[in-house]
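The values are calculated or read from the model by the stated rules, or taken from the named source; none is laboratory data. Worth saying up front: this structure is predicted, and the values here are computed from it rather than measured. When we count neighbours, we look across all protein chains shown, and the Cβ atoms used for this are built from the backbone with ideal geometry, even at glycine. Protein only, heavy atoms only, side chains kept; ligands, DNA and RNA dropped before computing areas. Shrake-Rupley method; radii C 1.70, N 1.55, O 1.52, S 1.80 Å.
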Amino acid sequence: MIYISLRFVLGPAGSGKTSYIARAIADSLAARGSGSILFIVPDQATFQMERLILRDPRLKGFVDLQVLSFRRLAWRVLEETGGTFHPFITPVGKSMAVQAILWDNRKDLTVFAPLVNYPGFRDNVTDTLNELHSYDVSPDELQARASDIEAPFLEQKVHDLGVVYRNYFAFLKDRFLDPTDYLNLASERMASSSLVKGASVWVDGFSGFNPDEYRALGALMETAREVNVALCIDENAAESALSEDSLFHQTREALEKIREIAWKRGVPEAPAVILGKDGPLPRFACSDLALVEAGLRGAHAPNEPSSDDGVQVVATANPLAEVEFAAREIIRLVRDCGYRYRDITVETRELDKYSELVSLVFRDHGVPHFIDEKRSVSHHPLAELLRAALAVVLTSFSSEAVFRYLKTDLVPVSREEVDILENYVLAHGINHQRWVSEDSWRFAKRYMVEEDRDYREERRCELCDNVRRKAVKHLTAFYRSVLRDTGEDDGQNPDDRQTPCASDVSLALYRLLVDLDVPGTLETWQKEAEEAGDLAEAMVHAGIWDKTMEIIEQAAEILKDRPCDLKTYALLLDAGLHDIRLGVIPPSLDQVLVGNLDRSRQPACKATFLLGALAGSFPKRQSEDGIFTDGERERLRSLGVEMSPGSRLRQLHEKYLVYIALTRPSHRLYVSYPLGDAEGKALEPSHVLGTIRKMLGTDRRG
């Protein structure tokens, strides 16, 4: 019989939890014959953890170890145990389906009706559906609770959400599985998985878990030989009662919930491994950082202030000067102090405000860097080509739509030819059906005297006509395919012609892209970006084709084979293109990693630059930006509808993010803030800076 147990590895930041796990796994691999090992970490940390374990000199490689995220674990289990009867709808497909449902059911909606086309509203609805589904709230249960609500506005919200929720489940029936179901299905099948059965499981890098992940942990406890969960929390907090005001509230809550799951499933808990309770924490090579860490969690710290300048608070004139300071200091650390670029990280709480500035300044200073963010490709030339092609059909070849199509550089005409053609079209007012006319273009200026005519104009007309025919050759075929046209100009409005179904439009788009050899062009762009050293851009060109095909296929599936209003198809396709986000793998090992505090799983680093330490940003001010306000969430929770925490609790959890940010490096920490923005408006520094200065016993400002 396999002995099943649960064990926690607990300790504050810098106490060596990840190093402890890496050593334990390396010991098991070196011993051989100890069985399979699963190491579960956040998505973006898998590669880092593999490298960390392989640093052990005893290991030349491994077979028995799998470093996985929860998502990847679920796919591996489902792949092994037979998969599913129906495919999963993709997250982008789900967003598109929700948008289509909002349009189709607008007449049944009350407070949602005016918002169905409002930017971002679809995302709020989709996030709320994901939340309800994760907490096992069914459409029927949600609707049943609505009758007990004595707040008219909230009741209307719940009614509208129920309409969307029920129609979404009807859309999925016998066709797709919801993407939030994959982990639940995998949890049900873990008992049959040889990957999990009898394995030693380690979990690290999480501050908390969602309901699906808690279910997966429960299934792992029942199936694996042992489950070890590392949490960032000190011994005092682990033994204290759960309190929302605690710095470690998130991890303390996770600790309690996992113990409750183990108790309900009859899984015994082994004594916890407590790290960092005696002596200095192993991460910190300078006393300043150790002093800040101890002060933030209220632990005992030396009475004497430190003076090793390991922590510096830096004020700059504006964000540009702030980033330039970071670039110059990084160069100094590498040049004079023996640092490698990979030893340095740059972090901020609002990466969207700094990413472009960091990219420009670091490139100008020659600092190799990687910005850890999912990149929007909604304005990639391929996305613009799709939008423009549909716009050409909807506007019956308006010149504006045609030139949007031609300027994507995915059409076999040069940009110089496009410019000549555009000047010619503007000069002669060419528009609509003249683009597809079989007659040659012979538009020329009229002269009072025939002898004054410039015969070079005729050659120009001939050139533009040839470019025109080459430019719209494939577009004309697409136009006629979508409208099922005979090729003759019948003078009808496109909306009045025979309406194709969604699958016809999707197939026509695919044929257009293949006829234009878009995959070949993307491959060429990818190689050019690689040769120029822009590997991140190369990865975008490599990944955009598959994402685009996914959206075209999902649009056909969502709208089915019913007659398709081309405007609706175009809007749905545009919604999918706006949702595309491509994650990019770091193209180099020796580079500065730039990331957001709440996303990036930063590797072990010697120096960290924390940018934008301003009031309202560090910690970040949380807002009620979802479908429900905090008060409405509390009311629903009182009626038995379980939901995720509101903005008040998220605001309290910001303290933990601040703690993690300030304790990441081992040698140096730079906390900077601009005194004013780009327009000269004065900015207020974060109150955290005063706390740091007080702990260090000095006002260190650069």
query = If the Cβ limit is 8 Å and pairs must be 6+ apart or interchain, which residue in region 112-126 that is under 15 Å from Met96 (Cβ atoms) pairs with which residue that is open to solvent by 40 Å² or more (accessible area, probe 1.4 Å) and part of a helix (DSSP H, G or I)?
reply = Val116/Trp103; Val116/Arg106; Phe121/Leu115
task = Go through region 405-445 residue by residue and tally those that are in contact with a helix residue (DSSP H, G or I) (Cβ under 7 Å, 6 or more places away or on another chain) and at negative phi.
result = 25
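Taking Pro674, is it open to solvent by less than 30 Å² (accessible area, probe 1.4 Å), in contact with a Leu (Cβ under 9 Å, 6 or more places away or on another chain) and more than 20 Å from Ala615 (Cβ to Cβ)? Explain how you work it out, then say what you get.
Details: open to solvent by less than 30 Å² (accessible area, probe 1.4 Å): yes; in contact with a Leu (Cβ under 9 Å, 6 or more places away or on another chain): yes; more than 20 Å from Ala615 (Cβ to Cβ): no.
So Pro674 does not fit the description; no.
Condition test on Asp309, is it open to solvent by 50 Å² or more (accessible area, probe 1.4 Å), out of contact with any Ser or Thr (no Cβ under 8 Å at 6 or more places or on another chain) and within 24 Å of Ala22 (Cβ to Cβ)? Steps first, please.
On the way: open to solvent by 50 Å² or more (accessible area, probe 1.4 Å): yes; out of contact with any Ser or Thr (no Cβ under 8 Å at 6 or more places or on another chain): yes; within 24 Å of Ala22 (Cβ to Cβ): no.
Against the criterion (open to solvent by 50 Å² or more (accessible area, probe 1.4 Å), out of contact with any Ser or Thr (no Cβ under 8 Å at 6 or more places or on another chain) and within 24 Å of Ala22 (Cβ to Cβ)), Asp309 does not qualify.
Give me a count of the residues in region 377-393 that are of a type in the set (A, V, I, L, M) and part of a loop (DSSP other than H, G, I, E, B). Please lay out each step first, then the result.
First, the residues of region 377-393 that are of a type in the set (A, V, I, L, M): 377, 382-383, 385-386, 388-393.
Right, trim to part of a loop (DSSP other than H, G, I, E, B) and you get 377.
Residues that pass the stated criteria total 1.
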note = Taking region 453-488 and the residues there that are under 16 Å from His432 (Cβ atoms) and either out of contact with any helix residue (DSSP H, G or I) (no Cβ under 8 Å at 6 or more places or on another chain) or open to solvent by 70 Å² or more (accessible area, probe 1.4 Å) (or both), the one that is modelled with the lowest pLDDT would be Glu488
task = Mind listing just one residue for me: the one in region 197-206 that is within 30 Å of Leu657 (Cβ to Cβ) and in a loop (DSSP other than H, G, I, E, B) and, of those, least open to solvent (accessible area, probe 1.4 Å)?
result = Asp204
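Check every one of the helices (runs of 4 or more DSSP H) wholly within region 625-702 and list those with 3 or more residues that are farther than 30 Å from Gly162 by Cα.
Details: elements: 630-638, 647-662, 687-696.
Output list reads 647-662, 687-696.
Being farther than 21 Å from Gly576 by Cβ and touching a helix residue (DSSP H, G or I) at 6+ places or on another chain (Cβ under 7 Å) is the filter; apply it to region 109-137 and report the residue that is surrounded by the most Cβ atoms within 10 Å (Cβ to Cβ). Spell out the reasoning first.
Step one: of region 109-137, the residues farther than 21 Å from Gly576 by Cβ are 109-111, 113-114, 131-132, 134-137.
If we keep only those that are touching a helix residue (DSSP H, G or I) at 6+ places or on another chain (Cβ under 7 Å) too, we end up with 109-111, 113, 132, 134-135.
On the way: Leu109: 18, Thr110: 14, Val111: 16, Ala113: 13, Leu132: 23, Ser134: 20, Tyr135: 14.
If we take residues in region 109-137 being farther than 21 Å from Gly576 by Cβ and touching a helix residue (DSSP H, G or I) at 6+ places or on another chain (Cβ under 7 Å), then Leu132 is surrounded by the most Cβ atoms within 10 Å (Cβ to Cβ).
Rundown of residues vs (1) assigned to a helix (DSSP H, G or I); (2) open to solvent by 40 Å² or more (accessible area, probe 1.4 Å); (3) charged (D, E, K, R), yes/no style:
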residue	(1), (2), (3)
Arg51	yes, yes, yes
Val67	no, no, no
Arg71	yes, yes, yes
Trp75	yes, yes, no
Glu79	yes, yes, yes
Val98	yes, no, no
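If I ask for residues that are outside any loop (DSSP other than H, G, I, E, B) and buried (at least 18 other Cβ atoms within 10 Å of the Cβ), which ones from region 262-272 would you list?
Here is the first cut: in region 262-272, the residues outside any loop (DSSP other than H, G, I, E, B) are 262-264, 269.
Answer for region 262-272, where residues must be outside any loop (DSSP other than H, G, I, E, B) and buried (at least 18 other Cβ atoms within 10 Å of the Cβ): just Ala262.
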request  = Return yes or no: is Ser194 surrounded by fewer than 21 Cβ atoms within 10 Å (Cβ to Cβ), part of a loop (DSSP other than H, G, I, E, B) and either in contact with a Phe, Trp or Tyr (Cβ under 8 Å, 6 or more places away or on another chain) or at positive phi (or both)?
outcome  = no
remark   = If you go through Glu226, Glu244, Glu222, the only one that is closer than 30 Å to Ala661 by Cα and either modelled with pLDDT of 90 or more or not aromatic (Phe, Trp, Tyr) (or both) is Glu244
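Would you point out the residue of region 207-228, among those that are outside any helix (DSSP H, G or I) and touching a strand residue (DSSP E or B) at 6+ places or on another chain (Cβ under 8 Å), that is most open to solvent (accessible area, probe 1.4 Å)?
Narrowing region 207-228 to residues outside any helix (DSSP H, G or I): 207-210, 224-228.
Still in the running and touching a strand residue (DSSP E or B) at 6+ places or on another chain (Cβ under 8 Å): 207, 224-228.
Numbers: Ser207: 37, Ala224: 0, Arg225: 74, Glu226: 50, Val227: 2, Asn228: 2 Å².
Of everything passing the filter in region 207-228, Arg225 is most open to solvent (accessible area, probe 1.4 Å).
A quick yes/no check of all residues on (1) of a type in the set (D, E, K, R); (2) closer than 20 Å to Ala477 by Cβ; (3) within 24 Å of the chain's Cα centre (by Cα); (4) buried (at least 22 other Cβ atoms within 10 Å of the Cβ):
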position	(1), (2), (3), (4)
Gly338	no, no, no, no
Arg342	yes, no, yes, no
Val346	no, no, yes, yes
Glu350	yes, no, yes, no
Tyr354	no, no, yes, yes
Pro368	no, no, yes, no
Val402	no, yes, no, yes
task = Considering every residue within region 527-550, establish whether at least one is modelled with pLDDT under 90, buried (at least 20 other Cβ atoms within 10 Å of the Cβ), farther than 30 Å from Ser686 by Cα and of a type in the set (Lys, Arg).
result = yes
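Looking at this structure, is Leu571 surrounded by 15 or more Cβ atoms within 10 Å (Cβ to Cβ) and either in contact with a Pro (Cβ under 6 Å, 6 or more places away or on another chain) or within 29 Å of Ile330 (Cβ to Cβ) (or both)?
Details: surrounded by 15 or more Cβ atoms within 10 Å (Cβ to Cβ): yes; either in contact with a Pro (Cβ under 6 Å, 6 or more places away or on another chain) or within 29 Å of Ile330 (Cβ to Cβ) (or both): no.
In short, no.
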ask   = Limited to region 146-177, what total is found for residues that are out of contact with any helix residue (DSSP H, G or I) (no Cβ under 6 Å at 6 or more places or on another chain), in a loop (DSSP other than H, G, I, E, B) and surrounded by 17 or more Cβ atoms within 10 Å (Cβ to Cβ)?
value = 1
